[in-house]
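Participant: The structure follows.
Please treat every number below as a calculation from the coordinates, not as lab data. No experiment lies behind these values; they were computed from the predicted model shown. With ideal geometry, Cβ positions are generated from the backbone for all residues, glycine too; neighbour counts draw on all protein chains shown.
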Amino acid sequence: MNGYRISLRYKLALPVSVFVFLMLILLTHTTIRVVRDFVVEAFQGQISIQVEDFTKAIRSSFLFRNYTYLQFHLDAMASRPEVYGVEVVDREGLPILQAPIFRKLPILKDPVSGTRALFPVQSLLSILFQPERISSEEGRGEFPDLFVAASPIFREGKELGNVQIFYTAHKVHDQIRRIYRKRIFFSFLGAMAIAFLTSAVTWLAIRPLFRLRITVLDILKGRMGVRAKIHSGDEIEDLAEAFNEMLNRLEHSMRNHQLRTEALEESEERYRALVENASDVIWLLSPAGQIIFLNQAFEGLRREDLLKEGLPLFLSFHTDESILHFNTALNQVKKEKVPVDHVATVFHHPQSRRQIYYSTNLTPVFTHGRELKAIQAVSRDVTELKRIEVMKERLIRDVAHELKTPVAKFQMTLNWLDQEFQKEKAGERYKELVGLMKRNADLLMSMIAEVMNLSRLEAGTEPLARKPCDLGQILSQVCEDMDPLIREKKLSLEKRLDGQSIPFEGDAAMLYRLFTNLVVNALKFTPQGRIVVEAQKNKREVRIRVSDTGVGLEKGDLEKVFDRFYQKSAATPGMGIGLALAREIAVLHGGRIWAESEGPGKGSRFIVEFPL
Amino acid sequence: MKTQTKLKKILIVEDDEDLHLLYRLYLQGQSYQIIQARNGKEGLECVAAERPDLIILDMIMPVMDGEEFIQKLRFEKKETGIPVIIASVNDKIPPALIEKTKVRSVLKKPFAIETLLGEIERALKG
């Protein structure tokens, strides 16, 4: 915007006013010319009559050469205010008498012959207020503006001389000036009136525009409900309507926007409260390891320090094993962009050095472009759980241990009895009974062992002894060891191992137990048919499958079979803890296990998958 | 049974009375002399008094447990010649202990008669 501004009403009124003013001047000018011509003509008529009358009056004096009387007449005429001078010339144009006698008068010459003028010479008025003087050609500037009237003196048709009266133009000019002073004043007044009127009319026409402007200013002040009420019946009304419509839409969309913002704020508030009041530590990590958000500090650490120093500070209070474990999980989240749950770490309280167990779930957070933006971590203090778990494990172990000794003694007694009955013939009668007792005592013992193993594995008190081993070899061993039992039930066992070795890093004893449990489970639920043990391997993982032609599983049971002591109904045999232990072992080796079945009566498959 | 040939003496260090009975039943008819001790302390006294040819040792016992017994036997009493078989319900005996104290073998309870007899025979042969 430029520094100056002119209101629209002046912009519109000014050209009109100027135009009107110019027209007025032109009109005035034209009128003046006409009036002046009139005035001059009237004056000329007046002076020509005067000169003729004067000539008649002095004719006799001239004829009789009574110059004294003639001079008297001339002086009388010259004394008139409008008369500049009077002169009587002879036929040749030479002066005879003049009045007033001291004043030099113009010599009139015929413009054609250059000798003398016979007709009155008009004044050369070209400009209204600055009358030029008339004069003889050589004497220009010598005289004031003059009119001259001449009348010849005849005797018997012969011209004897000429009377010339010089009038000053003052009278004419005064008259014209008088007339126009008034006229000009009035025309100026008229022009002003017209300018004012134009301005007023223009103002009326553009007034709605100003109202529109006020509306806009009101809206800018925040009064959104204001509307322009304009009924001018022209383009401005159209503009106002369009403007109002635009406002309506704007207001509508603003309301929507506001509602959405409110909803967002409300939900944000809700979630913030949730996060802030959560008992878990919820934090957000940048891929570089900075802590972007933290709802509460880890025990013994200050929130500000954590936010400033990030992950390294947190990790510095961990055992090397925990740090490695946490970083491995974090890298997995970063690389594979998948959540990693239950990352167990042991945190040492900075002051009391008390051990705090945390279980952390790491979840990647993405931008819209699927780029990793941050990692969300939810850390739960599981120290109490851990303590209970250790207690439970100790309890189970103690109970199982206490059970073990009596059962062992029982087995040993049966063992002796068995031997004794073999020696005596009478023993035949009890052989079967002793066998039954032995089998059940064995079962009891193995169950105690399984319970102890599972409890130990779940508590994590005894880490796996992972060493390089060969899965193929372990599977062959399992098949070999299970063969007598399978043949006893008149089933067939098929091995599809291709004789290949599958090098793996694991606890061989545990893996042996895992596969044994799967085969035992198949055996338990397969009345007839066969059991197939197969292994498939590619570059990234190995899959071991134990399938049977047994009773199969219902869809809802596929997950539950891995629960401890799961039993579908009182009539069916329970699962015991064999599969629960199998799952625990698989998971501890970083693998997974699941069951598949086409349905009841259609057999089932148990699949274990280990990453290589 | 030849009385002039001296019977081999087997010391059984075991706190469980039932097991003493079972050992007796298992070894019935075999030409071994059985000496019974109820704990490690008693066991050490028996070793001094009876000079057994073989010791079958339980691990968990009151007063003095198996571990303490064997360490005292080997390093305090310097009885390095007597073979020791550990018989326990717990199969997790620290390998370092077995090696240091020259334990002949470990029997996991329960065991069969043949297993026990086989182990004893092998231990006595040296």
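Participant: What's the longest piece of chain B with no exposed trypsin sites (Lys or Arg not before Pro), counting a site as exposed if DSSP puts it in a loop and it has at most 13 other beta carbons within 10 Å?
Facilitator: The reported range is B:7-76.
Participant: Shifting gears a bit: Considering the options A:ALA465, A:VAL434, A:THR345, tell which one lies farthest towards the positive end of the dipole of the protein assembly as shown, charges being +1 on Lys and Arg and -1 on Asp and Glu at the Cβ, about the Cα centre.
Facilitator: About the Cα centre, the residue reaching furthest to the positive side is A:THR345.
Participant: What is the local net charge at B:VAL84, summed over the other residues whose Cβ is closer than 10 Å to its Cβ (Lys, Arg +1; Asp, Glu -1)?
Facilitator: Charge balance in the 10 Å sphere: +2.
Participant: Helix A:471-488 against the longest principal axis of chain A: what's the angle in degrees, Cα atoms only, rounded to the nearest 10?
Facilitator: 50 degrees
Participant: Now, a different point. How far is helix A:383-423 tilted, in degrees, relative to the longest principal axis of the Cα atoms in chain A, given as a value from 0 to 90 rounded to the nearest 10?
Facilitator: Tilt of helix A:383-423: around 20 degrees.
Participant: Could you compute the longest span of chain A free of chymotrypsin sites (Phe, Trp or Tyr not before Pro) located in DSSP loops and having at most 13 other Cβ atoms within 10 Å, not counting the site residues?
Facilitator: Between exposed loop sites, the widest span is A:130-564.
Participant: In nm, to one decimal, how far is the modelled label at A:THR319 from the one at A:ARG543, with both set 7 Å along Cα→Cβ?
Facilitator: It works out to 3.7 nm between the two label points.
Participant: If you don't mind, there's one more thing I want to ask. Once amide H atoms are placed 1.01 Å from N in the peptide plane, what residues at a sequence separation of 5 or more from B:ILE34, or on another chain, have their amide H within under 5 Å of its amide H?
Facilitator: Result for B:ILE34 returns B:ILE10.
Participant: Name the aspartates and glutamates eligible as straight-distance cross-link partners of B:LYS77: C-alpha to C-alpha under 13 Å, and not fewer than 8 places from it in the same chain.
Facilitator: B:GLU45, B:GLU68
Participant: Right, here's the next one. Might you report the magnitude of the Cβ-based charge dipole of the protein assembly as shown about its Cα centre, with Lys and Arg at +1 and Asp and Glu at -1, to the nearest 20 debye?
Facilitator: Roughly 1180 debye for the protein assembly as shown.
Participant: Taking Rh as the Kirkwood radius, which is the inverse of the mean 1/r over Cα pairs, what is the Rg/Rh value for the protein assembly as shown?
Facilitator: That ratio equals 1.69.
Participant: Ok, one more. B:LYS100: which aspartates and glutamates have alpha carbons under 12 Å from its alpha carbon, excluding same-chain residues fewer than 8 sequence positions away?
Facilitator: The qualifying aspartates and glutamates are B:GLU67.
Participant: Can you give the extra length, in nm with one decimal, that the chain gains between A:PHE38 and A:TYR4 once fully stretched, where that is 0.36 nm per residue apart less the Cα-Cα distance?
Facilitator: Extending this stretch completely gives an extra 7.2 nm.
Participant: Follow-up. Where nothing but the Cβ of Lys and Arg (+1) and of Asp and Glu (-1) is charged, how large is the charge dipole of the stretch A:309-368 around its Cα centre, in debye to the nearest 20?
Facilitator: 60 debye
Participant: Something else now. Quick one: work out the % antiparallel among DSSP beta bridges in the protein assembly as shown, nearest 5.
Facilitator: Around 75 percent of the beta bridges assigned by DSSP in the protein assembly as shown are antiparallel ones.
Participant: Listed here are the pairs B:LYS6/B:LYS78; A:LYS409/B:LYS41; A:LYS386/B:LYS108; A:LYS431/B:LYS108; A:LYS386/A:LYS560; which of them are more than 28 Å apart at the Cα?
Facilitator: From B:LYS6/B:LYS78; A:LYS409/B:LYS41; A:LYS386/B:LYS108; A:LYS431/B:LYS108; A:LYS386/A:LYS560, over 28 Å: A:LYS386/B:LYS108.
Participant: Residue separation times 0.36 nm, minus the C-alpha to C-alpha distance between A:ARG429 and A:ILE388: what's the value?
Facilitator: 9.7 nm
Participant: Can you give me the relative contact order of chain A as a percent, contacts being Cα pairs under 8 Å and 6 or more apart?
Facilitator: Worked out over chain A, it gives 6 percent.
Participant: Looking at the stretch A:410-559, what % of its DSSP beta bridges pair antiparallel, to the nearest 5?
Facilitator: Here the antiparallel bridges make up roughly 70 percent for the stretch A:410-559.
Participant: Give me the percent relative contact order of the stretch A:206-276, please, defined on Cα pairs under 8 angstrom at least 6 residues apart.
Facilitator: Relative contact order for the stretch A:206-276 comes out at 22 percent.
Participant: Calculate how steeply helix A:320-336 sits against the longest principal axis of the alpha-carbon atoms of chain A, using the helix alpha-carbon long axis, and give the answer as 0 to 90 degrees to the nearest 10.
Facilitator: 60 degrees
Participant: Additional query: 222 nm [θ] for the protein assembly as shown, helices only, -39500 (n - 2.57) per DSSP H run of 4+, per residue, to 500?
Facilitator: Computed ellipticity for the protein assembly as shown at 222 nm equals -17000 deg cm²/dmol.
Participant: Quote the charge dipole size of the stretch B:25-126 about the Cα centre in Debye, to the nearest 20; the model charges only the Cβ of Lys and Arg (+1) and of Asp and Glu (-1).
Facilitator: Its charge dipole is roughly 220 debye.
Participant: Let me ask another. What is chain B by shape, rounded, prolate or oblate, if you read a ≥ b ≥ c off the alpha carbon gyration tensor as root eigenvalues and call it rounded for a/c under 1.5, prolate for a/b larger than b/c, and oblate otherwise?
Facilitator: It is rounded, given that a/c, with a ≥ b ≥ c, falls under 1.5.
Participant: Based only on other Cβ atoms within 10 Å, what is the fewest-to-most ordering of A:GLU389, A:GLU251, A:GLU371?
Facilitator: A:GLU371, A:GLU251, A:GLU389
Participant: For the stretch A:425-561, calculate the relative contact order in percent as a whole number, restricting contacts to Cα pairs under 8 Å that are 6 or more residues apart.
Facilitator: Once divided by the residue count of the stretch A:425-561, the mean separation gives 21 percent.
Participant: Amide H of A:ILE153 versus every other amide H placed in the peptide plane: which residues, excluding those fewer than 5 positions away on the same chain, fall under 5 Å?
Facilitator: A:LEU160, A:GLY161, A:ASN162, A:VAL163
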